[in-house]
Amino acid sequence: MSEYQYYEFVTVDRPLTSRQQQELRALSTRARITSSSFVNDYQWGDLKGDPRDWMERYFDAFLYLANWGTQRIALRLPVEVLSPGIAAEYCVGESASSWKTRTHVILDLRSEDEDGDDVYDSGGRLAAILPARAELAAGDRRLLYLAWLLCVQCREADDDKPEPPVPPGLGDLSGPLRALVDFLRLDPDLLAVAAETSTPLTGEVPSTAALSRWVKTLPEPEKDAVVVRLLRGEGTRLRSALLARFHGRDSEDVAGGGRTAGTLLAAAEERRARRQRLARQREAVERERRERAAVAAREQRLDTLAGRQEQAWRQVTGMIDTKKPKEYDAAVTLLADLLALAERDGQVQAFRRRVRQLREQHARKPSLLDRLDRAGLG
C-alpha cells in the first residue's frame, strides 16, 4: 500500500507575516502557502517541521490524516478565552491532550484506525470543523466534552474516573461539531448515552440593553485596552472572550456530570446491544414480509400461467433456440414456474418427461444444461 499523508494548517486570529511565510517556504518548496494557510500532502517523505512547534508559533488550527489510519486535529485558543485548567480537565489522554504556552492553550485530538484507508478526500475537512473553535472560544464546552469522550472510548480514562461537567446541547450538535465527531470516529452509542443528561441549549441571544448594562460595569482602563486591541485586528478573538465573560462561562466552579467513564462505557455497550437486537428483529420482520410477498407474487404468476402451459413450452423452445445466455436464463426461470405449477396440479412426472426430452434435444449446449442442473431441472 502506497503512503499518503495530508497536512493543513490555518490561521484565524492573525495572518501570517511575510517573514513567517518565508520561514515556512524554506521548509517546503511545494506546499501551498498563503497569509492564512499551509497545505501539503506527501506520498513519500514527511513534513520538515514539528506540528506542535508550528501550532505554538504560527497557526490556530491543524488537520492531519494518513492512509494508515491516523487522523488528527489541533486547535489553538488564547488563554483569555479558554482556561488551561478547564482544557486539562477534559483532555486526559493521548487521544485528547492539551498544553499551554505563554499566550495560548492548544488542544490536540487524534483518532487511530488500524484498518486504514487507501484513498482520502481531505479537501474541506478542516473548513467544516473550524467553526467549532469559535463556539469553544465563546464558552461552548461541547467540543471539550467530546474530547473527554474520545479518551473514554479509547480506554484512556480509568473506569472510576468521574465525568467532567456535561455541557448543554450534546443531543443537538452543531454542524462543525458533527463534522468533528465524524472525523474523530466517535462511537455514536457512547455519544447518545452521554447526551442523556445534557440539557437543551437555550439559544438565547443577549439583548442590546443587557450588553450595555454589563459593559458599563467594566473598568475604564479595560475598555481602553479593548479598543486598542480591536484596532490591532483582534475583533473575533475579543468578541469571543467578552461574550464568554458576559455569560459567566469563564468560571471553573461547575459541577461534574455525576457519572464515571466505566458507567458510560457499560451504558453504551448496553445501548449498542439493544440497538442491534432491534435491528435484527426489524430485519426478520422485513425478511418475512419479503418472503410472503414473493410467495404471493409467484402464486399470481402460476395462476396466470395455468391453462397456457403449451404456449409456455413453445416460448421456452424459442428462447433456447436464440443461443443467447440471457435467453437461457429466462427459459430456466419459466421452466421453474412450470415445475411449480406441475407440483401444484400433480403433474410432476409429465413435466419431468418433457424436461428429459428437452435436455436430449439440446445435449450439445453445455451452458444450457449447466443452468438446468443448477435450477434442479436435471
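The values are calculated or read from the model by the stated rules, or taken from the named source; none is laboratory data. None of these values were measured; they are calculated from a predicted model. Note: ideal-geometry Cβ built from the backbone for every residue, glycine included; neighbour counts use all protein chains shown.
Out of segment 57-66, which residues are surrounded by fewer than 17 Cβ atoms within 10 Å (Cβ to Cβ) and in contact (Cβ under 8 Å) with a residue 40 or more places away in the chain?
Step one: filter segment 57-66 for residues surrounded by fewer than 17 Cβ atoms within 10 Å (Cβ to Cβ), giving 57.
None - no residue of segment 57-66 is surrounded by fewer than 17 Cβ atoms within 10 Å (Cβ to Cβ) and in contact (Cβ under 8 Å) with a residue 40 or more places away in the chain, so the list stays empty.
Which of the following residues is among the basic types (K, R), in contact (Cβ under 8 Å) with a residue 12 or more places away in the chain and closer than 18 Å to A297 by Cα: R344, R354, R359?
Working: R354 fails: closer than 18 Å to A297 by Cα; R359 fails: closer than 18 Å to A297 by Cα.
Going through R344, R354, R359 in turn, the sole match is R344.
To keep it simple, each residue is scored yes or no on (1) part of a helix (DSSP H, G or I); (2) hydroxyl-bearing (S, T, Y).
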| residue | (1), (2) |
| --- | --- |
| S2 | no, yes |
| Y6 | no, yes |
| V12 | no, no |
| Q21 | yes, no |
| F38 | no, no |
| G45 | no, no |
| G49 | no, no |
_Checking the conditions here, which among R289, R298 is closer than 30 Å to Q357 by Cα, assigned to a helix (DSSP H, G or I) and free of Cβ contacts under 8 Å to residues at least 60 places away in the same chain?_
R298
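Can you pull out the residues in segment 136-154 that are under 20 Å from the mean Cα position of the chain (by Cα) and surrounded by fewer than 20 Cβ atoms within 10 Å (Cβ to Cβ)?
Step one: of segment 136-154, the residues under 20 Å from the mean Cα position of the chain (by Cα) are 142-154.
Matches in segment 136-154: C154 only.
If the requirement is being over 23 Å from the mean Cα position of the chain (by Cα), at pLDDT 95 or above and assigned by TED's automatic domain parsing to the domain that holds L136, which of these qualifies: R30, R110, R19?
Details: R30 fails: at pLDDT 95 or above; R110 fails: over 23 Å from the mean Cα position of the chain (by Cα).
From the options R30, R110, R19, the qualifying one is R19.
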*So how many residues does segment 301-316 have that are assigned to a helix (DSSP H, G or I) and in contact with a Leu (Cβ under 8 Å, 6 or more places away or on another chain)?*
7
*Which pairs have Cβ atoms under 9 Å, sit 6 or more apart or on different chains, and link a residue in segment 147-159 that is in contact (Cβ under 8 Å) with a residue 12 or more places away in the chain to one that is part of a helix (DSSP H, G or I) and β-branched (V, I, T)?*
D159/T263
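Assess whether G124 counts as being assigned by TED's automatic domain parsing to the domain that holds I86, without any contact (Cβ under 8 Å) to a residue 24 or more places away in the chain and surrounded by fewer than 14 Cβ atoms within 10 Å (Cβ to Cβ).
Values: assigned by TED's automatic domain parsing to the domain that holds I86: yes; without any contact (Cβ under 8 Å) to a residue 24 or more places away in the chain: yes; surrounded by fewer than 14 Cβ atoms within 10 Å (Cβ to Cβ): yes.
For G124, the condition - assigned by TED's automatic domain parsing to the domain that holds I86, without any contact (Cβ under 8 Å) to a residue 24 or more places away in the chain and surrounded by fewer than 14 Cβ atoms within 10 Å (Cβ to Cβ) - is met.
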_Restricting to segment 170-212, name every residue that is without any contact (Cβ under 8 Å) to a residue 24 or more places away in the chain and exposed (fewer than 11 other Cβ atoms within 10 Å of the Cβ)._
G203, E204, V205, S207, T208, A209, S212
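How many residues does segment 67-94 contain that are surrounded by fewer than 19 Cβ atoms within 10 Å (Cβ to Cβ) and not acidic (D, E)? Full working, then the answer.
Keep residues of segment 67-94 that are surrounded by fewer than 19 Cβ atoms within 10 Å (Cβ to Cβ), which gives 67-70, 78-80, 83-85, 88-89, 93-94.
From the residues that got through so far, the ones that are not acidic (D, E) too are 67-70, 78-79, 83-85, 88, 93.
Residues that pass the stated criteria total 11.
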_Output for segment 79-97, where each listed residue is among the hydroxyl-bearing types (S, T, Y) and farther than 18 Å from A261 by Cβ_ = S83
